[in-house]
1. Picking from ALA72, ALA22, ALA30, which residue would you name as being aliphatic (A, V, I, L, M) and surrounded by fewer than 15 Cβ atoms within 10 Å (Cβ to Cβ)?
2. Looking only at the range 122-143, which residues are in contact (Cβ under 8 Å) with a residue 12 or more places away in the chain and farther than 22 Å from SER32 by Cβ?
3. So how many residues does the range 5-41 have that are closer than 22 Å to TYR113 by Cα, at pLDDT below 95, outside any loop (DSSP other than H, G, I, E, B) and not β-branched (Val, Ile, Thr)?
4. Could you give every pair whose Cβ atoms fall below 9 Å, whose first residue belongs to the range 1-14 and is closer than 9 Å to GLY129 by Cα, and whose second residue is part of a helix (DSSP H, G or I), counting only separations of at least 6 or pairs across chains?
5. I need a count of the residues in the range 84-94 that are at pLDDT below 95 and either buried (at least 17 other Cβ atoms within 10 Å of the Cβ) or touching a Ser or Thr at 6+ places or on another chain (Cβ under 7 Å) (or both).
6. Looking only at the range 75-83, decide whether some residue is of a type in the set (Asp, Glu) and either crowded, with 22+ Cβ neighbours inside 10 Å or in contact with a strand residue (DSSP E or B) (Cβ under 7 Å, 6 or more places away or on another chain) (or both).
7. What number of residues within the range 1-43 are within 19 Å of ASP69 (Cβ to Cβ) and either over 15 Å from the mean Cα position of the chain (by Cα) or aliphatic (A, V, I, L, M) (or both)?
8. Here is a check on your reading of the model: is LYS46 modelled with pLDDT of 95 or more and either in a helix (DSSP H, G or I) or small (Gly, Ala, Ser) (or both)?
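The values are calculated or read from the model by the stated rules, or taken from the named source; none is laboratory data. No experiment lies behind these values; they were computed from the predicted model shown. Here the Cβ positions follow ideal geometry from the backbone for every residue, glycine too, while neighbour counts run over all protein chains shown.
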Amino acid sequence: MKTNAARILDTLGIEYDLLTYAVDLEDLTATSTAQKLGLPVDQVFKTLVLKGDRHGIALAVIPGGYQLDLKALARLSGDRKVDTVPLKQVQPLTGYVRGGVTAIACKKPYPVYLDEWAQAYERIAVSAGMRGQMIQLSTADYIRATGAVIGAISHEN
């Protein structure tokens, strides 16, 4: 089944691979997803929904084994402070459930901030917009599709 994210990539003429994995609702971590897909955890990126005090909602896309640096994201986004949004707000804001959030085909065109670690890989994997499905595509194509701003916004757990 193609998701809206896959359809957007088709429209943009971007090549990608759809990867599927078994969903465990007790463990929606990027580490678990990477293991199921046989990919390095830092090549599987998770998308977090945040709210800045000046610019509002934004998406941060970071490697699976890393933790978001809120201060670094605030500096990059031009906000004084950013915080993750409460889980109950994620779906109304993005149209996606936890474990299926993607910056591609989000409900609204929010600013996207991609951790610089993505540039270490020719291809990265991101959610396809539903649990159990990932999209693997070139890092350059992901940046083009999302308009992502690159920066050092995470650190290892």
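1. Numbers: ALA72 fails: surrounded by fewer than 15 Cβ atoms within 10 Å (Cβ to Cβ); ALA30 fails: surrounded by fewer than 15 Cβ atoms within 10 Å (Cβ to Cβ).
Sole residue among the options that is aliphatic (A, V, I, L, M) and surrounded by fewer than 15 Cβ atoms within 10 Å (Cβ to Cβ): ALA22.
2. First, pick out the residues of the range 122-143 that are in contact (Cβ under 8 Å) with a residue 12 or more places away in the chain: 122-139, 141-143.
GLU122, SER138, THR139, ASP141, ILE143, listed by residue number.
3. Within the range 5-41, residues that are closer than 22 Å to TYR113 by Cα, at pLDDT below 95, outside any loop (DSSP other than H, G, I, E, B) and not β-branched (Val, Ile, Thr) number 2.
4. ALA5/ALA145
5. The first filter runs over the range 84-94 and keeps only residues at pLDDT below 95, leaving 87.
Going one step further and asking which of them are either buried (at least 17 other Cβ atoms within 10 Å of the Cβ) or touching a Ser or Thr at 6+ places or on another chain (Cβ under 7 Å) (or both), we end up with none.
Residues that pass the stated criteria total 0.
6. Step one: list which residues in the range 75-83 are of a type in the set (Asp, Glu), which gives 79, 83.
Keeping just the survivors that are either crowded, with 22+ Cβ neighbours inside 10 Å or in contact with a strand residue (DSSP E or B) (Cβ under 7 Å, 6 or more places away or on another chain) (or both) gives 79, 83.
Yes.
7. The first filter runs over the range 1-43 and keeps only residues within 19 Å of ASP69 (Cβ to Cβ), leaving 29-31, 41-42.
In the following step, the residues that additionally are either over 15 Å from the mean Cα position of the chain (by Cα) or aliphatic (A, V, I, L, M) (or both) were identified as 30, 41.
Matching residues across the range 1-43 total 2.
8. Details: modelled with pLDDT of 95 or more: yes; either in a helix (DSSP H, G or I) or small (Gly, Ala, Ser) (or both): no.
It is false that LYS46 is modelled with pLDDT of 95 or more and either in a helix (DSSP H, G or I) or small (Gly, Ala, Ser) (or both).
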